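Colleague: Encoded as structure tokens, here's the structure I'll be asking about.
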Amino acid sequence: MKGGPTVASDSSAAPSVAGADSAILGFGGQVVAIAIMEVTKLLRDPTEIISRAIQPVLWLVVFGEVFTRTHAIPTGALSYLEFMAPGVLAQGVLFSAIFFGIAVIWERDLGIVHKLLASPAPRTTLVLGKAAAAGLRGLPQAIMIYLLAAVLGARVAYGPGPVLTALGFVILGSGLFATFSLIIACLVRTRERFMGIGQLLTMPLFFASNAIYPLELMPRWLRVVAHLNPLTYLVDALRAVMVPGAGTVYGLGVDLGIVLALFVVLIGVAARLYPGLAH
């Protein structure tokens, strides 16, 4: 008697699926390993974390309180302090992340970059790991902003959803600007040139955004620049999730899409340039 139709075995597909899962886990593990290494270095010398966390005090307590009393900048239903708090957080993210690349130049001089490049880890994992560690550096500033807002009486959303969403944008924004900083480090390769370029970029990025005043107050040419500035979209997202009733200019999905897309592009560029830093 002839048997019925045979059913194709899935045994050949199983190894390929298992191999894909193993590759994903291996990639993620390498990213985590690099991030842990970077965070460990930072924890051994927490001076930068402390100084960066204190920086928002100057902006909110001095600058924010003065302009709140003068009513010089129209911010609608929001007090100027409420309008400014997310911008100060984004500014702290920018200022701390944009100088991240100088540590990579130090690593090159100490021979650490050569050792990392000699490992079998893909270059993308090296860059992603460093970006993830840089993202975590923005969290102390976020905590300080929330504490200051509570002390100064600003309306801020403290629910788990808004807070976690804001922290997610802080990590993403820090990773974006740190990767941008890494690209600059790969191009200039010297600490002196890097510091000059970093200082040249921070203020234009900050003031050509909606961090401390609405886009409507800008002249037309500056508004065009602000629309091209990734910090503008980070501020817009943080303001929407942190301040009740603030709303968003572009939409939270647009903000996330632009910041995330630019981050992915910068990761790809940095992964290609990073090996050249060792030469």
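The values are calculated or read from the model by the stated rules, or taken from the named source; none is laboratory data. Just so it is clear, the structure is predicted and the values come from calculations on it, not from any experiment. Counting neighbours? That spans all protein chains shown, and the Cβs are built from the backbone with ideal geometry, glycine included.
Colleague: Scan the stretch 171-216 for residues that are of a type in the set (D, E, K, R) and assigned to a loop (DSSP other than H, G, I, E, B) and jot them down.
Modeller: Here is the first cut: in the stretch 171-216, the residues of a type in the set (D, E, K, R) are 189, 191-193, 216.
Correct list: Arg189 only.
Colleague: Does Gly153 qualify as being at pLDDT below 90, at positive phi and more than 11 Å from the chain's Cα centre (by Cα)?
Modeller: The answer is yes for Gly153.
Yes/no per residue for (1) under 16 Å from Ala149 (Cβ atoms); (2) of a type in the set (D, E, K, R); (3) surrounded by fewer than 17 Cβ atoms within 10 Å (Cβ to Cβ); (4) in contact with a strand residue (DSSP E or B) (Cβ under 8 Å, 6 or more places away or on another chain):
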| residue | (1), (2), (3), (4) |
| --- | --- |
| Arg44 | no, yes, yes, no |
| Arg69 | no, yes, yes, no |
| Glu82 | yes, yes, no, no |
| Val88 | yes, no, no, no |
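Colleague: Filtering the stretch 187-211 down to residues that are among the hydrophobic types (A, V, I, L, M, F, W, C) and modelled with pLDDT of 90 or more, which residue is farthest from Ile105 (Cα to Cα)?
Modeller: Of everything passing the filter in the stretch 187-211, Ala211 is farthest from Ile105 (Cα to Cα).
Colleague: Next question. Kindly list, by first and then second residue, each pair from a residue in the stretch 111-136 that is under 26 Å from Gly92 (Cα atoms) to a residue that is of a type in the set (D, E, K, R), limited to pairs with Cβ atoms under 9 Å and residues at least 6 apart or on different chains.
Modeller: So the pair list comes out as Gly129/Glu38; Lys130/Glu38; Ala132/Glu38; Ala133/Glu38; Ala133/Lys41; Ala134/Glu38; Leu136/Glu38.
Colleague: Okay, moving on. Are any residues in the stretch 181-195 within 20 Å of Gln91 (Cβ to Cβ) and of a type in the set (Gly, Ala, Ser), and if so, which ones?
Modeller: Within the stretch 181-195, Ser181 is the sole residue that qualifies.
Colleague: Taking only the stretch 147-180 into account, find how many residues are surrounded by 20 or more Cβ atoms within 10 Å (Cβ to Cβ), among the aromatic types (Phe, Trp, Tyr) and under 20 Å from Phe83 (Cβ atoms).
Modeller: 1
Colleague: Where residues in the stretch 206-221 are aliphatic (A, V, I, L, M), touching a residue at least 12 places away in the same chain (Cβ under 8 Å) and surrounded by 14 or more Cβ atoms within 10 Å (Cβ to Cβ), which of them is farthest from Phe177 (Cα to Cα)? Reasoning before the result, please.
Modeller: Of the residues in the stretch 206-221, the ones aliphatic (A, V, I, L, M) are 208, 211-212, 215, 217-218.
Keeping just the survivors that are touching a residue at least 12 places away in the same chain (Cβ under 8 Å) gives 208, 211-212, 215, 217.
Filter again for surrounded by 14 or more Cβ atoms within 10 Å (Cβ to Cβ), leaving 208, 211-212, 215.
Details: Ala208: 16, Ala211: 16, Ile212: 19, Leu215: 22 Å.
The extreme case among them is Leu215.
Colleague: Moving on. If you take the residues in the stretch 92-121 that are in contact with a helix residue (DSSP H, G or I) (Cβ under 7 Å, 6 or more places away or on another chain) and part of a loop (DSSP other than H, G, I, E, B), which one is surrounded by the fewest Cβ atoms within 10 Å (Cβ to Cβ)?
Modeller: Residues of the stretch 92-121 in contact with a helix residue (DSSP H, G or I) (Cβ under 7 Å, 6 or more places away or on another chain): 92-102, 104-105, 107-108, 113-114, 116-117, 121.
From what is left, the residues that are part of a loop (DSSP other than H, G, I, E, B) are 98-100, 121.
Working: Ile98: 21, Phe99: 20, Phe100: 25, Ala121: 18.
Of everything passing the filter in the stretch 92-121, Ala121 is surrounded by the fewest Cβ atoms within 10 Å (Cβ to Cβ).
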